[in-house]
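Engineer: Dropping a structure here in structure tokens format, bear with me for questions.
FYI, it's all coordinate maths here, none of it is from the lab. Just so it is clear, the model here is predicted, and its values are computed rather than measured. Here the Cβ positions follow ideal geometry from the backbone for every residue, glycine too, while neighbour counts run over all protein chains shown.
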Amino acid sequence: MQTTSSPRGIAIVTGAGSGVGRAAALALLQDGWSVALAGRRPEPLAAVIAESGAADKALAVPTDVANPESVAALFGAVVARFGRVDLLFNNAGVGNPPGPFEDWTAEQWRGVVDINLSGMFFCMQQAFRVMRDQSPRGGRIINNGSISAHAPRPNSMAYTSTKHAVAGLTKSGALDGRKYDIAVGQIDIGNAATPLASRMAKGVPQANGEIAPEPLMDVALVGQSVLYMANLPLEANVLFHTVMATKMPFVGRG
């Protein structure tokens, strides 16, 4: 077993090659965590590690979270390298299929469910197994929910349904994790400036049928929010944490 000294702990970040996952991985690495970066393509993971300046504390593991064998291999690689897992940022996800939902194929629907819901479950399952059996026991899981876990956008049925389901994973995990000293919480993000969300600045459909631009916030702020949750002692848990662009249309009537 090869180990790397870390004053904080050992973290896994899924979907770490871009967007929110990249921001979280950078924040954790720069704070002294050892981080395994998981994602489907190795090149973006390597780029994030190079950007961090902390390659000695980083491990890139190409992973398909929709495949339970791939997820098991991810956790096995992390334990082999670092000896344990203290944090899982369960972040990997995809957006909605294009067009109205009545025109989607079954494969398009399943593609979102397989990654956003089943992938989250497979990662939580492996994290529980490792955190339950390691010594010292326990750890923390942070699920990426989205404000879509609470309220939909127009024509977002697949994404919104899976994110509502993630809230159920979080609540159940928080309850079931108690006996293993595992804290499970959720971060719900609104309008972080990522490549996926950049279209919002140009105008997106609103509930009243209008197309309107929406404000965005720096995605690095999300990384800092994840870091705050990660660094809490296990006696405390942030069950749900919402971080959003202050003036985005979400609270009240917009």
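Engineer: Quick check: net charge around residue 242, other residues with Cβ under 15 Å of its Cβ, Lys/Arg +1 and Asp/Glu -1? Mind dumping the intermediate values first?
Structural biologist: Values: positive: 163, 247; negative: 188.
Residues close to residue 242 contribute a combined charge of +1.
Engineer: Now for a different question. DSSP loop (so not H, G, I, E, B), at most 15 other Cβ within 10 Å: list which trypsin sites (Lys or Arg not before Pro) in the stretch 121-228 pass both filters. Display every interim value, and only then the final one.
Structural biologist: Numbers: sites: 129, 132, 137, 140, 163, 171, 178, 179, 199, 202; in loops: 137.
Listed in order of number, the matching sites are 137.
Engineer: Turning to a different aspect of this structure: Would you grab the residues whose amide H sits under 5 Å from the one on residue 217? Only those 5+ places off in sequence or on another chain, please, with H modelled 1.01 Å from N.
Structural biologist: Hits under the 5 Å cutoff: 192, 193, 245.
Engineer: Given the options 238, 78, 219, state which has the largest fluctuation in a GNM of the chain using a 10 Å cut-off (strictly under) for Cα springs.
Structural biologist: 238
Engineer: Let me ask you something else. For the chain, build the convex hull from the C-alpha positions and give me its volume per residue in Å³. Write out the running numbers ahead of the final one.
Structural biologist: Numbers: hull volume 30.5 nm³, N = 254.
Cα convex hull per residue, to the nearest whole number: 120 Å³.
Engineer: Tell me whether the stretch 1-81 comes out rounded, prolate or oblate; compute the Cα gyration tensor, take square roots of the eigenvalues as a ≥ b ≥ c, and use a/c under 1.5 as the rounded threshold. Let's see the in-between values first.
Structural biologist: Details: a/c = 1.86, a/b = 1.16, b/c = 1.60.
It is oblate, given that a/c is not under 1.5 and a/b is not larger than b/c.
Engineer: Still on this structure, I have one more. Please give the helix 68-82 orientation as an angle from the longest Cα principal axis of the chain, in degrees from 0 to 90, rounded to the nearest 10.
Structural biologist: Its long axis makes an angle of about 40 degrees.
Engineer: Also, quick follow-up: Can you give the % of DSSP beta bridges in the chain that are antiparallel, to the nearest 5? List each step's numbers first, then the result.
Structural biologist: Working: 2 of 31 bridges.
Of the beta bridges lying entirely in the chain, close to 5 percent run antiparallel.
Engineer: With the contact rule set at Cα under 8 Å and sequence spacing of 6 or more, what percent relative contact order holds for the stretch 10-244? Can you show the working numbers first?
Structural biologist: On the way: 464 pairs, mean separation 46.0, N = 235.
Value for the stretch 10-244: 20 percent.
Engineer: A follow-up question, please. Around residue 86, under 15 Å between beta carbons, what's the net of Lys plus Arg minus Asp minus Glu among the other residues?
Structural biologist: Details: positive: 8, 57, 81, 84, 129, 132, 137, 140; negative: 31, 133, 181, 235.
Value of the local net charge: +4.
Engineer: How much mean residue ellipticity at 222 nm does the chain get from its helices, if each DSSP H run of length 4 or more adds -39500 (n - 2.57) and you divide by all residues, to the nearest 500 deg cm²/dmol? Provide the component values of the computation, followed by the final result.
Structural biologist: On the way: 7 runs with 92 residues, N = 254.
My calculation for the chain gives -11500 deg cm²/dmol from helical runs alone.
Engineer: For the chain, modelled as a Gaussian network with Cα springs under 10 Å, which listed residue fluctuates most, 20, 79, 222?
Structural biologist: 79
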